[in-house]
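What follows is a short report on a single structure.
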Amino acid sequence: MDDDIICTQKIIADRKTFFLDLKSNARGRVLRITEKVSSNRDRIMVPAEILDEFIAALEEIRDTCREDS
């Protein structure tokens, strides 16, 4: 079974482009994060079951960055 994209977002920052794709396959749902710089691509997969933890960690990092500025 091919992966099906449920939702996608694109973020452009300087010379980098980030793609966030929520996908579904036979094993369940996963968030695929792709970083594209020139012709290079790096990807990580985050299981949908831990998205709340992942987002909470990002928010904590964001809050720390705000405190430091």
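The values are calculated or read from the model by the stated rules, or taken from the named source; none is laboratory data. Note that the structure is a prediction, hence the values are computed from the model and not measured. Cβ atoms come from the backbone with ideal geometry, glycine included; neighbour counts cover every protein chain shown. Accessible surface is based on the protein model in full, side chains and every heavy atom, while ligands, DNA and RNA are left aside. Shrake-Rupley method; radii C 1.70, N 1.55, O 1.52, S 1.80 Å.
What are the residues in region 40-69 that are open to solvent by 90 Å² or more (accessible area, probe 1.4 Å) and either within 19 Å of the chain's Cα centre (by Cα) or under 15 Å from LEU20 (Cβ atoms) (or both), if any?
Those that are open to solvent by 90 Å² or more (accessible area, probe 1.4 Å) and either within 19 Å of the chain's Cα centre (by Cα) or under 15 Å from LEU20 (Cβ atoms) (or both): ASN40, ARG41, ASP42, ARG43, MET45, GLU49, ASP52, GLU53, LEU58, GLU60, ILE61, ARG62.
Okay, residues lined up against (1) modelled with pLDDT of 95 or more; (2) under 18 Å from ASP14 (Cβ atoms); (3) in contact with a Gly (Cβ under 9 Å, 6 or more places away or on another chain):
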{"position": "VAL30", "(1), (2), (3)": "yes, no, no"}
{"position": "ILE33", "(1), (2), (3)": "yes, yes, no"}
{"position": "LYS36", "(1), (2), (3)": "yes, yes, no"}
{"position": "ASN40", "(1), (2), (3)": "yes, yes, no"}
{"position": "VAL46", "(1), (2), (3)": "yes, no, no"}
{"position": "LEU51", "(1), (2), (3)": "yes, no, no"}
{"position": "LEU58", "(1), (2), (3)": "yes, no, no"}
{"position": "ILE61", "(1), (2), (3)": "yes, no, no"}
{"position": "CYS65", "(1), (2), (3)": "no, yes, no"}
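Taking region 16-32 only, how many residues are among the hydrophobic types (A, V, I, L, M, F, W, C) and open to solvent by less than 30 Å² (accessible area, probe 1.4 Å)?
The number of residues fulfilling the criteria is 2.
Which pairs do you get when a residue that is closer than 21 Å to PHE54 by Cα, found in region 25-41, comes within reach of a residue that is of a type in the set (Phe, Trp, Tyr) and outside any strand (DSSP E or B), reach meaning Cβ atoms under 9 angstrom, with the pair 6+ apart or on two chains?
Pairs found: LEU31/PHE54.
Among what's in region 15-69 and is in a helix (DSSP H, G or I) and of a type in the set (A, V, I, L, M), pick the residue that is nearest to ILE5 (Cα to Cα).
ALA48
Output the number of residues of region 1-14 satisfying the condition of being hydroxyl-bearing (Ser, Thr, Tyr) and not in a strand (DSSP E or B).
Of the residues in region 1-14, 0 are hydroxyl-bearing (Ser, Thr, Tyr) and not in a strand (DSSP E or B).
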